[in-house]
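To start, the structure under review is shown below, and the notes come after it.
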Amino acid sequence: MTAILYLALLAALAPAKLEPTGPVTIGDGYALTSTVMADKRRINVLLPDDYADPAQSSRRYPVLYLLDGGGGFQDFANVAAMVQRGSRWGGGNKPMIVIGIESKDRKAEFTSPSSDPAERRDFPTSGSAERFRRFLVDELKPNVDATYRTDGTDALMGESLAGLFVVETMLREPRSFDLYVAISPSLWWDRSRLANDAPVLLKSHAKPSRLLWITVGNEGGAMKAGVDKIVAAVRAKPDSGVRARYVPLKDEGHGTIYQPAAMRALRSLFPDPTPNSK
């Protein structure tokens, strides 16, 4: 076989090269200029599959507000895909709007001021949770309700420090959201002050009907102790209007709990109304 024929044969047998066709995307990204935060914040949005269907033009949807909902290593893509797939197959979750909220400094945005000198030293930017809450409640939520066909039911979901923020929002301003999902919340913050203050904070509630879905993995220590205190306080105060649905996931650690917990929470709080019709 001549060299020319050999090279021609190799060229014919060579695998085809991958040709770029563009990025894979899920949802749309927007920038929201915040007066409260004094900056622009990226907001990622996933709409239900049938949102633009003219036949569904009067249909309204619940909203999931997702903390750490930016791109990159944040959680929007994972949760949006989970919601989308769950709404397409029986036994999953109902269709909903997902609003992913970019966090820029988690230690600042998800914590209240700490009385612990070590935490103030190690986390010098911490303590801006109330400011971030004002951004969510006073700026973002009204914007979402004015832009999309929301049905008046909304949930706030977060993990670790974002889970701490979820629990604090539920205890201090329960009317901000209807449903709260706290996954392995960092209730050790400020010497477990939030968990210790829970019984007093619940007494000040004006009886809103709210549900806290809360879980913790096998972390133990202050993580587990804080969750236990929150659950006990809620269950000891049924007249507060707040209910706790505690779903411990003992086979998961802090680094693995998020996805299985998020799926269970979404299926529990937003169950598919027609599981056998898809």
Placed amide H near G92: partners under 5 Å, 5+ positions off or other chain: D272
Residue-level accessible surface for F165, protein heavy atoms, 1.4 Å, Å²: 0
Rg/Rh ratio calculated on Cα atoms of the range 171-278 (Kirkwood radius): 1.00
Relative contact order of the chain, pairs being alpha-carbon contacts under 8 Å that are 6 or more residues apart, as %: 16
Estimated inter-spin distance, D53 and T2, nm [label 7 Å along Cα→Cβ]: 6.3
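Past the 17 angstrom mark, what percentage of all C-alpha to C-alpha distances in the range 182-231 do you count? Intermediate results must be reported in sequence, preceding the final value.
Working: 435 of 1225 pairs.
Percent of Cα pairs beyond 17 Å in the range 182-231: 36.
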Cα pair distances of the range 29-122 binned at 5 Å [whole percent]: 3, 12, 17, 18, 15, 13, 10, 6, 3, 2, 1, 0
Paired Rg and Dmax values of the range 38-197, which use every Cα atom, in angstrom: 16.6, 59
Area accessible to solvent at S115, 1.4 Å probe radius, in Å²: 60
Pairwise centroid distance, computed over Cα atoms, of the range 180-206 with the range 125-177, Å: 15
Those aspartates and glutamates that a straight Cα-Cα span of less than 19 Å connects to K17, excepting residues fewer than 8 apart in one chain: none
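Can you sort I97, I26 by solvent-accessible area, 1.4 Å probe, largest first?
Numbers: I97 0, I26 50 Å².
Descending order: I26, I97.
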Chain lengthening between E19 and Y246 when straightened (0.36 nm per residue, less Cα-Cα): 76.9 nm
With all protein chains modelled, accessible area of T21 [1.4 Å, Å²]: 140
Tail beyond 24 Å, pair distance distribution of the chain (Cα, percent): 54
Length-normalised contact order for the range 186-248 - Cα pairs under 8 Å, 6+ apart - percent: 45
Links that overshoot a 25 Å alpha carbon limit, given the list K107/K203; K203/K224; K107/K229; K141/K203; K141/K224: K107/K203; K141/K203; K141/K224
The chain, helix-only ellipticity at 222 nm - DSSP H runs n ≥ 4, -39,500 (n - 2.57), divided by all residues, nearest 500: -10500 deg cm²/dmol
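The values are calculated or read from the model by the stated rules, or taken from the named source; none is laboratory data. Predicted model only: the values in this text are computed from it and were never measured. Note that each Cβ is placed from the backbone with ideal geometry, even for glycine, and that neighbours are counted across all protein chains shown. Protein only, heavy atoms only, side chains kept; ligands, DNA and RNA dropped before computing areas. Shrake-Rupley method; radii C 1.70, N 1.55, O 1.52, S 1.80 Å.
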